[in-house]
Amino acid sequence: MPSSSSRAVLTAAIAVLLTLLLVSCSGSGDTSSGEVVTVEIELRDGEVVGGTQRVEVGLDDEVELTITSDVDDEAHVHVYDITIVLRAGEPVTTTFPADIGGMIPVHLHHDGIMLVQLAVA
Amino acid sequence: MVAALVLADAGPAAAHGVGERGDLPLPLWQVAWGAGIAVAISFAAIGALWHMPRLRAAAEGRLVPAFAERTARAAALLARLLVLTLSVLAVWSAFAGSDSPNRNLAPVTFYVVLWVGGQVGSAVLGDVWPRVSPIDTLAAAAGWLRRRMGGETPAGGASIERDATHRPAAAGVLAFLWLELAYHDPGNPRVVGGAIVVAGALLLAGALRYGRRWLRTADPLGALFGLLAALAPFERGERGLRVHPPFVGLARVTPRRGTVALVLVTLGGTTFDGVARTAWWGRLAADRSPWSVTALHTVGLVAVVGAVALLYVGATRASARITGDEPTVVADRYVASLLPIALAYAIAHYFSLLVFEGQRFLIVLSDPLARGWDLLGTAAWRVDYRLIEPTTIAWVQVGAIVLGHVLGVAAAHDRAIEASDARTALRGQYPLLAAMVLYTVGGLLLLLNA
């Protein structure tokens, strides 16, 4: 049967672990900001050439999104609520600051296929 | 800067009903620390925890003062009216409002306010659902009308509740999860409206036939919320509202036939939600037609629920061999200790949903029929995605899962020593501890890939 002293040691060990965790918490992600992230997407026959990608973007980076579609269409950057009008054959470039964190989907129309997923961290 | 990384999901916007924004993957160091702490606490628990069962006695608590009882009753009545109004509004919006999930009241009410809010609210406030359920309100009104017209209310309420199982409820929750996680268009307001009407009609018919007490076990969400309410500090006893420390109520959970299934389905569903958010699953589901996606997700949901169930059944069988009890008895014995883990999973996956889509709920509530109204003055608001930072979300996710694990381990320990003598009890809980470690580490690993 564990004595109260060994119980104290156990509690202390757990407290140390938790403190270590809290102390080591900062500086986990890189804090580059203000960089320009270029994302290029090509749409052909209703599908994304090369497949849908997940792109890492730093918080407060500039995103330069260029979409080339073979037909007239419309894309939507969720969360940021940006609508992009696409013309057949013409690359359309939209630039916006990535100031909201999270996994941000960019869809064809409002809920069509996903063109790219921006991981803003 | 390095561009493309991993192929992601090409499916519809909302993988779980509503919500466009997803949570970021947890940083690896956070997952590793969380898992390490969970394992360390599990080993510590074996030696350092108490040796006499404590939770059941602590759950006795005391009666609240009379004014608090009166306030609670008044608040419950007000809540009942509000919930009924909201339900009617949501169904109306479902069929007459916008067909966009972001501007319709039904999907956000169904998947965020009801499903997530109901689970968290029950864990904090206690078993409030039977006091606010719109089906119960309608059944009560129907019963009152019937009595006024000289009819009889159905008898047999007490025996219904004694003999009822949770199996229909488990099936009902599975159906809900299928709609939310497997079906390819869960946010479609007409579909949500249809689901509410069909489920509501079935439950109301049952309540009219068997009495309102039938709802307590037959209403799938009510049954689940009732179990999660064991985590809350409030409990309604025979002599009134009682208060006791939170979480100790787990000792007083009395499982029925089907309770284990209900809890495992819930846990499996949230786990599958996590699986479906990984990049790996996204690759599997990419470039498929909608019904093909539904079929794949159905298989996935069933498979993950099965895996979660298999782990629990395996652990309880192993424990039964150690202590010499019947496996079903052991499964019932430990099912309450899964509840903190199930709630923790729900918080980890849906906390940000509650914060962001909860705002959307308030906005759409001002204009549920998309006619340009502004009932609450919130119609012009935009969802503030900067209300909480991704780092805060990550902390809540890891913290919830680790805390859920700690509570689960403590509850299992208490159940174990209540059932057997000290030595076999300690050994009998090892398989359960192992299962919980796997649930926790698995849950954390799923959050790596968001």
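Where in chain B are the helices, taken as whole DSSP H runs, whose Cα atoms extend 18 angstrom or more along the long axis and whose Kyte-Doolittle mean reaches at least -1.0?
Span-like helices in chain B: B:28-48, B:66-96, B:134-148, B:189-210, B:259-276, B:290-323, B:339-365, B:390-419, B:430-449.
Per the Debye formula with a single identical scatterer at each Cα and no solvent contribution, what log10 I(q)/I(0) holds for chain B at q = 0.07, 0.08 Å⁻¹?
Results for chain B at q = 0.07, 0.08 Å⁻¹ read -0.36, -0.48.
With +1 on the Cβ of every Lys and Arg and -1 on the Cβ of every Asp and Glu, and nothing else charged, how large is the dipole of segment B:300-450 about its Cα centre, in debye rounded to the nearest 20?
Dipole size: approximately 260 debye.
Let a ≥ b ≥ c be the square roots of the eigenvalues of the Cα gyration tensor of segment B:92-244; is it rounded (a/c under 1.5), or, if not, prolate (a/b larger than b/c) or oblate?
Oblate is the answer for segment B:92-244, as a/c is 1.5 or above yet b/c matches or exceeds a/b.
Shape verdict for segment B:214-363, please, from the Cα gyration tensor: rounded (a/c under 1.5), prolate (a/b greater than b/c) or oblate.
Oblate shape, in that a/c is at least 1.5 and b/c is the bigger or equal ratio.
Using only atoms on other chains, find how many Cβ atoms lie within 10 Å of each Cβ of peptide B:18-24 and report the average.
Counting Cβ atoms of other protein chains within 10 Å of each residue's Cβ and averaging gives 6.
Select from B:Ser98, B:Ser420, B:Val302 the residue farthest towards the positive end of the dipole of the protein assembly as shown; place +1 on Cβ of Lys and Arg, -1 on Cβ of Asp and Glu, and compute about the Cα centre.
B:Ser420
So, in Å, what gap is there between the alpha-carbon centers of segment B:273-312 and segment B:178-194?
Taking the Cα centre of segment B:178-194 as reference, the centre of segment B:273-312 is 16 Å away.
Output the peptides B:202-210, B:266-274 sorted from most to least packed, where packing is the average of other Cβ atoms within 10 Å over each peptide's residues.
Highest to lowest by the protection proxy: B:266-274, B:202-210.
Which order do the peptides A:85-98, B:170-183, B:76-89, B:292-305 come out in when sorted by mean C-beta neighbours inside 10 angstrom, highest first?
Descending packing order for the listed peptides: B:170-183, B:292-305, B:76-89, A:85-98.
Where Lys and Arg each count +1 and Asp and Glu each count -1, what net charge lies around A:Leu86 among other residues with Cβ under 9 Å from its Cβ?
The answer is -3.
Length gain on complete extension for the stretch B:Phe95 to B:Ala295, per 0.36 nm per residue less the alpha carbon to alpha carbon distance?
Fully extending the segment from B:Phe95 to B:Ala295 adds 69.4 nm.
For chain B, with a Gaussian network of springs between Cα atoms less than 10 Å apart, report the residue from B:Arg317, B:Arg257, B:Arg415 with the top mean-square fluctuation.
Between B:Arg317, B:Arg257, B:Arg415, it is B:Arg257 that shows the largest mean-square fluctuation.
Once R0 is set to 56 Å, what does the formula 1/(1 + (r/R0)^6) return for the Cβ-Cβ distance between B:Leu445 and B:Thr71, expressed as a FRET efficiency to the nearest 0.05?
Working from the Cβ atoms, E equals 0.80.
Where Rh denotes the Kirkwood radius from the mean inverse Cα pair distance, what is Rg over Rh for the protein assembly as shown?
0.99
Within 10 Å of each Cβ in A:46-59, how many Cβ atoms from other chains are there, averaged over the peptide?
Mean partner-chain Cβ count within 10 Å for A:46-59: 5.
Give me a single rounded figure for B:383-391: the average over its residues of other chain Cβ atoms within 10 Å of their Cβ.
If you average over the peptide's residues, the count of other-chain Cβ atoms is 4.
Let's test the formula: R0 of 45 Å, r as the Cβ-Cβ distance of B:Leu284 and B:Leu81. What FRET efficiency results, to the nearest 0.05?
The value I calculate is 0.45.
At 0.36 nm per residue, and after removing the present C-alpha to C-alpha distance, how many nm does the segment from B:Val243 to B:Arg190 gain when stretched out fully?
14.9 nm
Pulled fully out, how much extra length does the chain show between B:Arg62 and B:Val124, if you take 0.36 nm times their separation in residues and subtract their Cα-Cα distance?
20.6 nm
What are the ³J(HN,Hα) couplings of segment A:89-98, residue after residue, when phi is run through the Karplus curve with 6.51, -1.76, 1.60 and θ = phi - 60°? Round to Hz, x for glycine and proline.
Rounded to whole hertz, the list is x, 9, x, 10, 10, 10, 10, 8, x, 8.
Report the FRET efficiency, 1/(1 + (r/R0)^6), for B:Arg382 and A:Val92, where r is their Cβ-Cβ distance and R0 is 35 Å, rounded to 0.05.
0.90
Would you list the P(r) distribution for segment B:297-376, with all Cα-Cα distances sorted into 10 Å bins from 0 and each bin expressed as a whole %?
15, 25, 23, 17, 12, 7, 1
Laboratory data are not the source of any read-out in this text; all were calculated from the coordinates shown. Note that this is a predicted model, so its numbers are computed, not measured. Please note: Cβ atoms are built from the backbone with ideal geometry, for glycine as well, and neighbour counts cover all protein chains shown.
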